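Read through the structure below, which is laid out as structure tokens, and then see the notes.
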2 protein chains.
Amino acid sequence: MNAIFWLVPLCSVVALIFAWVFFKSMMKNSEGTPRMMEIAQYVREGAMAYLYRQYKVVGIVFIILLLILLVLAYLGVQNPFVPVAFLTGGFFSGLCGYLGMKTATYASARTAHGASKSLNQGLKVAFRSGAVMGLVVVGFGLLDIAAWYLFLNEVIFSPEHMAKGLHFIGLNLVHAGTTEHQKLIEITTTMLTFGMGASTQALFARVGGGIYTKAADVGADLVGKVEAGIPEDDPRNPATIADNVGDNVGDVAGMGADLYESYCGSILATAALGAALPALSLEQSGIETEMAVIAPMLVAAIGIIFSIIGIFMVRTKESATQKNLLNALLLGTGGSSLLILIAMYVMAYFSWITYGVFGSVVIGLAAGVIIGQATEYFTSDEYGPTKGIAKQAQQGPATTIIDGIAVGMYSTWIPVITIVLGIIGSFWSAGGMTDFAMGVYGIGFAAVGMLSTLGITLATDAFGPIADNAGGNAEMAELPKEVRERTDALDMLGNTTAATGKGFAIGSAALTAMALISAYMEEIRLWFGKIAGPEGFVSKGDYVFYTSVKPAVEEGMKAVQISAASVKDFSAAYDITLFNPLFLGGIFVGSMMAFVFCAMTMKAVGRAAGAMVEEVRRQFREIKGIMEGKATPEYAKCVEISTKGAQREMLLPSLIAIIVPIAVGAVMGVAGVVGLLAGGLTSGFTLAVMLNNAGGAWDNAKKYIEKGNYGGKGSETHKAGVVGDTVGDPFKDTSGPSLNILIKLMTMVSVVMAGLTVTLSLM
Amino acid sequence: MNAIFWLVPLCSVVALIFAWVFFKSMMKNSEGTPRMMEIAQYVREGAMAYLYRQYKVVGIVFIILLLILLVLAYLGVQNPFVPVAFLTGGFFSGLCGYLGMKTATYASARTAHGASKSLNQGLKVAFRSGAVMGLVVVGFGLLDIAAWYLFLNEVIFSPEHMAKGLHFIGLNLVHAGTTEHQKLIEITTTMLTFGMGASTQALFARVGGGIYTKAADVGADLVGKVEAGIPEDDPRNPATIADNVGDNVGDVAGMGADLYESYCGSILATAALGAALPALSLEQSGIETEMAVIAPMLVAAIGIIFSIIGIFMVRTKESATQKNLLNALLLGTGGSSLLILIAMYVMAYFSWITYGVFGSVVIGLAAGVIIGQATEYFTSDEYGPTKGIAKQAQQGPATTIIDGIAVGMYSTWIPVITIVLGIIGSFWSAGGMTDFAMGVYGIGFAAVGMLSTLGITLATDAFGPIADNAGGNAEMAELPKEVRERTDALDMLGNTTAATGKGFAIGSAALTAMALISAYMEEIRLWFGKIAGPEGFVSKGDYVFYTSVKPAVEEGMKAVQISAASVKDFSAAYDITLFNPLFLGGIFVGSMMAFVFCAMTMKAVGRAAGAMVEEVRRQFREIKGIMEGKATPEYAKCVEISTKGAQREMLLPSLIAIIVPIAVGAVMGVAGVVGLLAGGLTSGFTLAVMLNNAGGAWDNAKKYIEKGNYGGKGSETHKAGVVGDTVGDPFKDTSGPSLNILIKLMTMVSVVMAGLTVTLSLM
């Protein structure tokens, strides 16, 4: 093993150490007044209580999936390490959500307390807490990857085992006579499947958290703000604690699990594509096979160091204005991205990667920035689209909704064109049609590049919800108005810096999914090899794929050695062209999945919110003195309702995401699965952009009206704006963000179940 | 030429004769009171004025496109007949819209007058007028097809011309030595392109009409119903005439042009696929080449006769209840479908088609019925989904919207699964993977079967808007309440019977698009042949395609004779697999196109409606005595605003639909175009179903509330319901129906521009 690999575990540990340091430094700050502590405690308890119950449900699902995977492994259509890898992926993903949320719930009162001194103090606490989350995600992510790689590379595929083979309770772990190249393919495709654990966990976290937070939010807004006319986060509103819990559960824990999954997914998919690079590609480019596998991990490792440097670069004077703060944050994120580019150029110089791949990463980063800016344009109240919605709000809720949906749909064009150019550009830069495998490797690397500085971009993303919560704490603890204004300013700051982060997240998800679809073909290669055995062959379509000895083939058949078969050969064998109705049917089903999944999550929010509305109305009606502030509402009841609602509702959509790819694989075969993934990716991506941007634009249009435009707060226009914002809530916080994971989870499930699909397709 | 072909022009003329008979019989009815006549006259004038102006705009676009096509023909990358075919398609499509609308505007007062006597009288007038439209569409559609076929087959490709060639002002119309098979391919691919004229006209009609009608509707509802609190179609509302004009312009003229396009598109695409059937398929199935081409036309011709029989089967007693009427209508549509099946079985018996193709048609019809029933389930207030929306309306407009969108998204699953099974099933029934070409021919035939009885299904579809308009007339003429109740009952009846018709329309659009995408490959074959010349070859990818003399090819290249090349060969040559980033990129762009197109049409409605709202408010404010019924509002001003708005706004979205496929072809090549069509078809279909069903469900949820549920009319729940309905209006009447045409227009443009794309791809 190349000694440079040790950088990977080293950097991941460094990330965790710094996460610990930042956590401790954040905890040193005071939580403020007893009332602030009390509120923070409420929120913390609610959030933890929810998370425990969510993990219980997810735990049951994991056990069932584990059993299925074990059975499949026993039947020989599943890699025996997959069940374990699946578990660790799920475990670490959940752990990141847990730790991130724990930090956030400790940080909110401290941020409010900091903001009561100055904007800069508030930012410091919130940003450092965000950094904890960012570093925990990258630290555990890379640690998990490094540990598996070391275990598989050093222990399982030791030279001795590779020569003699390794058997364990009837399972054939290592074939005798495994070559170095085969080893790397086995290792990377195995590791790829721990992504399925992470994706499953992430989907539950996003869907469950999203339902929780929006049920509470909609309930609190509809009855509190619209009917009773009391402000946001008012302590008289029974749903207000649940609302604040929801921000943590959905925005923090959900986001942590989500990005853990993206981060690992992109690295693992790229490593698998690296292992699959044919000898010719490596020869022409002068890259070593092992380096092709560990290069994405190395970039991630270096990215951690630069993220930490970036975090320390975010420094401002005590009297900093908001503009100063913004510049400081942009310096941190921009600086670390620039450093990573320089580092990769150096890597290319030393032939660890090719200059073409370096070009792919540049293209990927540019795509991320453009998508982020487009998001900003379509959702910020400084530009036409959002202002237009506010203007339409003058004509009532209906036109507000129509215009918002139109803005969301229209806004898809820049991200889609950008991602198309990004995919084509990074493919061509790295290899193009003449070196197909290297081209796809480049697409994967573009995603890795975008996520390599996740340590700091996640920090700028996560501090928004923390500031939001701090605002809730300030409001409920009845701190002076200026504190709330400062936390609002921080929240807005977070939205601005988060734009690019979100662009990176969306863009990298699409690129990763694309890389994963290619990796799916590698799984087919692997299973063809296993099914054919050392000297056998399998025939499919007009092709005969053989392992080592070319068999006699009939006229018109094409014999291809499995190790040399190109992605094109596999697609031709499985008729993956548009004119195969199974492929087109798959695209249809994939497209439908995106819509149906959204419908389910929205319905779930609607049901859970309905229950919440009833409860809040009941409390206003039955508990005398709430409105006068004389009686305390029963906060816990609302927390309970959101928890139960989220628990009940998250199961079905999440399970569908797991079951459909398996069912399509069984019924419609490989062509159907590939179609499903293509349709899911393209429709899902477009729909997700639409939902996120429509939601964001409504939110900011409402805020724009609240600034005093078109009648300001309390006007009919404002009421219409609130309707838009309420509709947008599940769009941007439940369905939209879940779609990204849906796309990747469906791909991951297909990859993990490839053995089953391939075996069935050869029967 | 097979003499049986004469059935085609004969039946088309019969259709037109019966259309004339029904028109005359409808005109014999009285228009009622002078007030009724006056109102009908207003609406007629407004509608005609709009249509003339629409045709003026469309005319300019047609002239520009004509010039482009002429230049391309001159450059040799376009079939010289295409410019003319393009014009006739556009002309007849527009004519059908015009005649249908003319009939409808004459029928509305007569229907109201009939309804003042009995339900049955009202139905008779409305249904006969619908039948005029249905028969006009199928009559002119088939006449145009027959005329072109006869002209090309008898005049241009006469035996003499085929032997010696035909040149005309420098254009090479017929190559010397053209074979029978080549002739049929040339003829059908030429005729296919008159679909582009029809599609272009249809898109303008749907988009322009949709914008017109919804601008008027939203304007009338928002100010009249919500703000001023006066009922629907109240003569005091200045927008009410515009609203009634809009129903004619959008629902009648738009629908006529739309279905003309679907009808011709399915027949022409199937004929082209029939011409392309390889010798082996024909031999195995015992079908003659010429019969494969004219069989879809024959089915359509027979369908006309059965449609007329079906129309006469719709007879009821004078005292008929609504249930009697419904059964009478269902007997008519069901009866004619059954007859067509029997006829096709007979055709299979005589080997005009295969039993497999007969099976495809059965599958297609079943799919249409299922989609129709599913539409009914998701949008009728008798079932859970719509009732659920009404229930959610109790919590205000926001939850109404969320729930409606969720219902729309969720409702996509049945139509998508059905269409996937329909595509796979009709493909397998006719040919399957072993006889690919016949399989695709079966898919086309399934669409032809669904549309063969369009004469009657369109009648049941079109009488709804006529009844709706009759209701408007009754309301404005202040006829007794029972008249309005009867026209409402007819409108509802129309909605019920139209469900299956809509299922057929949506299903056939998807199947036709699928067939057209396959026909696109035939265009590539044609252009390869033209570019290669009689003894030459073209090379693309790993393939060398030659006309007649096999050239020497390098190692690893595959030589295929163009006439024997399969669709798979072309896809392989153009790398149309998912792993070609251009193909995936195309899918992305196609998916985005559906969303952006919707956004544009919705925005357009928003803008036009905004202007209308202003105007209605102005009139209420400035014209004293409107509300007391003492002063007459300025109806013409509102008609003018809608007309101008629609004219201005329809241009951009329609042009985009034409430009994007050409641009994608030029930049991303054949793989990009095929991806674009696949993405557009799958996302567009899913999105269209979502928009149609969400809109329908909101509409009926509002009506359900108006029946007295959850507080009834005037309650807060009802207000929320109205918001849902208003949002749903552009969904179901503008964006949704336009999407079907967008899909087909993009495909048609790609087919027509194939010469350019292929030529560029070989440079």
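The values are calculated or read from the model by the stated rules, or taken from the named source; none is laboratory data. This structure is a prediction, so every number in the text was calculated from the model and none was measured. Neighbour counts are summed over all protein chains in view; Cβ atoms, including those assigned to glycine, are modelled from backbone coordinates with ideal geometry.
At a glance:
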{"quantity": "Given (1) within 21 Å of B:VAL252 (Cα to Cα); (2) buried (at least 18 other Cβ atoms within 10 Å of the Cβ); (3) out of contact with any Leu (no Cβ under 7 Å at 6 or more places or on another chain), number of the condition B:ARG53 does not satisfy", "calculated": "(2)"}
{"quantity": "Some residue of region B:138-157 being free of Cβ contacts under 8 Å to residues at least 24 places away in the same chain, surrounded by 14 or more Cβ atoms within 10 Å (Cβ to Cβ) and small (Gly, Ala, Ser)", "calculated": "no"}
{"quantity": "Check on B:ALA573, small (Gly, Ala, Ser) and over 15 Å from B:VAL673 (Cβ atoms)", "calculated": "no"}
{"quantity": "Test: residue in region A:52-65 that is polar (S, T, N, Q) and within 16 Å of A:ALA257 (Cβ to Cβ)", "calculated": "yes"}
{"quantity": "Residue in region B:320-341 that is within 14 Å of another protein chain (Cβ to nearest Cβ), more than 30 Å from A:ILE401 (Cα to Cα) and touching a residue at least 12 places away in the same chain (Cβ under 8 Å) present", "calculated": "no"}
{"quantity": "Looking only at region A:382-420, and only at residues there that are within 22 Å of A:ILE370 (Cα to Cα) and not in a helix (DSSP H, G or I), the one that is nearest to the other protein chains (Cβ to nearest Cβ)", "calculated": "A:THR412"}
{"quantity": "Residue in region A:440-461 that is more than 20 Å from A:CYS264 (Cα to Cα), within 12 Å of chain B (Cβ to nearest Cβ) and within 25 Å of the chain's Cα centre (by Cα) present", "calculated": "no"}
{"quantity": "Residue match in region A:727-750 (condition: within 10 Å of another protein chain (Cβ to nearest Cβ), aliphatic (A, V, I, L, M) and either within 21 Å of A:GLY90 (Cα to Cα) or part of a helix (DSSP H, G or I) (or both))", "calculated": "yes"}
{"quantity": "Count of region B:39-66 residues which are in contact (Cβ under 8 Å) with a residue 60 or more places away in the chain and among the aromatic types (Phe, Trp, Tyr)", "calculated": "3"}
{"quantity": "Residues (outside any helix (DSSP H, G or I), buried (at least 24 other Cβ atoms within 10 Å of the Cβ) and in contact with a Ser or Thr (Cβ under 7 Å, 6 or more places away or on another chain)) located in region A:437-481", "calculated": "A:THR453"}
{"quantity": "Filtered residue count, region A:704-716, keeping only those that are more than 11 Å from chain B (Cβ to nearest Cβ) and assigned to a helix (DSSP H, G or I)", "calculated": "6"}
{"quantity": "Count - residues of region B:499-516 that are surrounded by fewer than 24 Cβ atoms within 10 Å (Cβ to Cβ) and not basic (Lys, Arg)", "calculated": "1"}
{"quantity": "Residue tally, condition in a strand (DSSP E or B) and either touching a strand residue (DSSP E or B) at 6+ places or on another chain (Cβ under 7 Å) or more than 14 Å from every other protein chain (Cβ to nearest Cβ) (or both), over region B:519-547", "calculated": "7"}
{"quantity": "Every residue from region B:421-436 that is part of a helix (DSSP H, G or I) and surrounded by fewer than 24 Cβ atoms within 10 Å (Cβ to Cβ)", "calculated": "B:LEU421, B:ILE424, B:GLY425, B:TRP428, B:MET433, B:THR434, B:ASP435, B:PHE436"}
{"quantity": "Residues (under 13 Å from B:ILE641 (Cβ atoms) and of a type in the set (Gly, Ala, Ser)) located in region B:605-627", "calculated": "B:ALA608, B:ALA609, B:GLY610, B:ALA611"}
{"quantity": "Elements of type helices (runs of 4 or more DSSP H) in region B:175-280, at least 1 residues being over 30 Å from B:ALA565 (Cβ atoms)", "calculated": "B:194-219, B:240-246, B:255-275"}
{"quantity": "Scan of region A:527-547 for residues that are in contact (Cβ under 8 Å) with a residue 40 or more places away in the chain and within 22 Å of A:PHE583 (Cβ to Cβ), ordered by number", "calculated": "A:TRP527, A:PHE528, A:VAL538, A:LYS540"}
{"quantity": "Selection count where residues are more than 7 Å from chain B (Cβ to nearest Cβ) and assigned to a helix (DSSP H, G or I), scope region A:567-599", "calculated": "9"}
{"quantity": "A:GLY536 on the phi > 0 side of the Ramachandran plot and touching a Phe, Trp or Tyr at 6+ places or on another chain (Cβ under 9 Å)", "calculated": "no"}
{"quantity": "Residues of region B:385-422 classified as in contact (Cβ under 8 Å) with a residue 24 or more places away in the chain and aliphatic (A, V, I, L, M), total", "calculated": "11"}
{"quantity": "Subset tally (residues that are in contact with a Phe, Trp or Tyr (Cβ under 7 Å, 6 or more places away or on another chain) and not β-branched (Val, Ile, Thr)) for region B:203-241", "calculated": "3"}
{"quantity": "Of residues in region A:572-606 being modelled with pLDDT under 85 and more than 19 Å from B:ILE424 (Cβ to Cβ), the one surrounded by the most Cβ atoms within 10 Å (Cβ to Cβ)", "calculated": "A:GLY606"}
{"quantity": "Inter-residue pairs, beta-carbon under 6 Å, first away from chain A (no Cβ under 12 Å) and in region B:210-233, second of a type in the set (Gly, Ala, Ser) and part of a loop (DSSP other than H, G, I, E, B), 6+ apart", "calculated": "B:ALA216/B:ALA239; B:ALA220/B:ALA239"}
{"quantity": "Test result for A:LYS719, at the interface with chain B (Cβ under 10 Å from one of its Cβ atoms) and surrounded by fewer than 24 Cβ atoms within 10 Å (Cβ to Cβ)", "calculated": "yes"}
{"quantity": "Residue in region A:361-368 that is part of a loop (DSSP other than H, G, I, E, B) and either more than 14 Å from chain B (Cβ to nearest Cβ) or modelled with pLDDT under 95 (or both) present", "calculated": "no"}
{"quantity": "Matching residues in region A:684-733 - criterion: being at positive phi and among the aromatic types (Phe, Trp, Tyr)", "calculated": "A:TYR710"}
{"quantity": "Residue, farthest from the other protein chains (Cβ to nearest Cβ), within region A:548-566, restricted to residues that are surrounded by 14 or more Cβ atoms within 10 Å (Cβ to Cβ) and touching a residue at least 60 places away in the same chain (Cβ under 8 Å)", "calculated": "A:SER563"}
{"quantity": "Single residue of region B:612-635 satisfying the filter (surrounded by fewer than 16 Cβ atoms within 10 Å (Cβ to Cβ) and outside any loop (DSSP other than H, G, I, E, B)) that is nearest to the chain's Cα centre (by Cα)", "calculated": "B:GLU614"}
{"quantity": "The listed residue being within 12 Å of chain A (Cβ to nearest Cβ) and buried (at least 24 other Cβ atoms within 10 Å of the Cβ), out of B:ALA754, B:ALA701, B:ALA694", "calculated": "B:ALA694"}
{"quantity": "Any hit, region A:314-322, residues being within 25 Å of A:LEU259 (Cβ to Cβ) and in a helix (DSSP H, G or I)", "calculated": "no"}
